[in-house]
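Participant: Below you'll find the structure I mean.
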Amino acid sequence: MARPVGSAPVARHYLMCRPTYFAVEYAINPWMDPDAGVDRTRAIRQWEELRDLHLSLGHRVSEVAPVEGLPDMVFAANGGLVVDGRVYGARFASAERTPEGPAYLDWFRKAGYTETREPKHVNEGEGDFITMDDVILAATGFRTEAAAHQEAERFLGRPVVTLQLTDPRFYHLDTALFALSGEQIAYYPGAFSAGSRRVLRALYPDALLATEEDAAVLGLNAVCDGHDVVMAAEATALAGRLRALGYTVHPVELDELRKAGGGAKCCTLVLRDASV
Ligand code: ARG
């Protein structure tokens, strides 16, 4: 079972994007139904609650300006991968989201990040890359190309471990796995190929294994600072197990954004500056 919680939470710097233009106008994952209709005002309110929760937990939140016509830009986790202050830019798999790559890179440059990389290969940022202490876990199968894993490894100078996603509901790594700390994870094994399940078992033999029910409400799309876990309110079983391990769970209502296939983590890009 997962190691008990570390003593102090890590103060972090997050990047978020207000869902001013949020909509479900196209379907690029099985959660999206353009005919279902979204309540944008409600989406904005839910997003504000998430942002305020991050702030109340002692984290810093920067905001990138939303761009009209880019309804998925609220999912800031896809906007890049920042490790040791270096920014590996995103290159989206779908035409609909392609302009987000340059929009996010532009924000990074203006915010003073000097080491930025325009990627050659398709990758959707922290959606498919999860940075651990020793390695970066990276997924392929639906969005990010395996070649991008190597590109990121070379640019960031950190070892990248390739994992295969196999269930279209869990099309990004961060829909099926989250970091409890720099050395422990929680994940839903059913989202991965048999080989990748073996890799995860070997690397994290004591990981918290989530159920399909937890995963199906995007409960694994969670943000954990080592102490506090921000996650979908519906993932009650997973929340109970995390509490039993000593974590403080903060349930958030994000069902409006889930209509686009995103949750708490999708809305939150971790800015791992040089010291983090
Ligand atoms: N509609 C978006 C897409 O399909 C949702 C992205 C969710 N983001 C994430 N990090 N999983 O690309």
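The values are calculated or read from the model by the stated rules, or taken from the named source; none is laboratory data. Everything numeric here is computed off the predicted structure, so don't read it as measured data. Note that we place each Cβ from the backbone using ideal geometry, even for glycine, and neighbour counts take in every protein chain shown. The protein model used for the area step is the full one, side chains on, heavy atoms only, and it has no ligands, DNA or RNA in it. Shrake-Rupley method; radii C 1.70, N 1.55, O 1.52, S 1.80 Å.
Participant: Quick one: count up the residues across region 260-272 that are open to solvent by 10 Å² or more (accessible area, probe 1.4 Å) and touching a Phe, Trp or Tyr at 6+ places or on another chain (Cβ under 7 Å).
Facilitator: Result for region 260-272: 1.
Participant: Given (1) part of a loop (DSSP other than H, G, I, E, B); (2) away from the ligand (no atom under 16 Å from the Cβ), where does D106 come up short, assuming only one miss?
Facilitator: (1)
Participant: Next question. If you go through region 124-151 one residue at a time, how many are of a type in the set (A, V, I, L, M, F, W, C) and assigned to a loop (DSSP other than H, G, I, E, B)?
Facilitator: The total comes to 3.
Participant: Out of D255, D228, report the one residue that is away from the ligand (no atom under 16 Å from the Cβ) and of a type in the set (D, E).
Facilitator: D228
Participant: Okay, next question. Of the residues A76, A103, A95, A90, which is at pLDDT 95 or above, open to solvent by 30 Å² or more (accessible area, probe 1.4 Å) and either in contact with a strand residue (DSSP E or B) (Cβ under 8 Å, 6 or more places away or on another chain) or not charged (D, E, K, R) (or both)?
Facilitator: Being at pLDDT 95 or above, open to solvent by 30 Å² or more (accessible area, probe 1.4 Å) and either in contact with a strand residue (DSSP E or B) (Cβ under 8 Å, 6 or more places away or on another chain) or not charged (D, E, K, R) (or both) holds for just one of A76, A103, A95, A90, which is A95.
Participant: Please pick out the residue among P189, P159 that is away from the ligand (no atom under 15 Å from the Cβ), at pLDDT 95 or above, in contact with a Lys or Arg (Cβ under 6 Å, 6 or more places away or on another chain) and over 17 Å from K120 (Cβ atoms).
Facilitator: None of the other options fit; the residue is P189.
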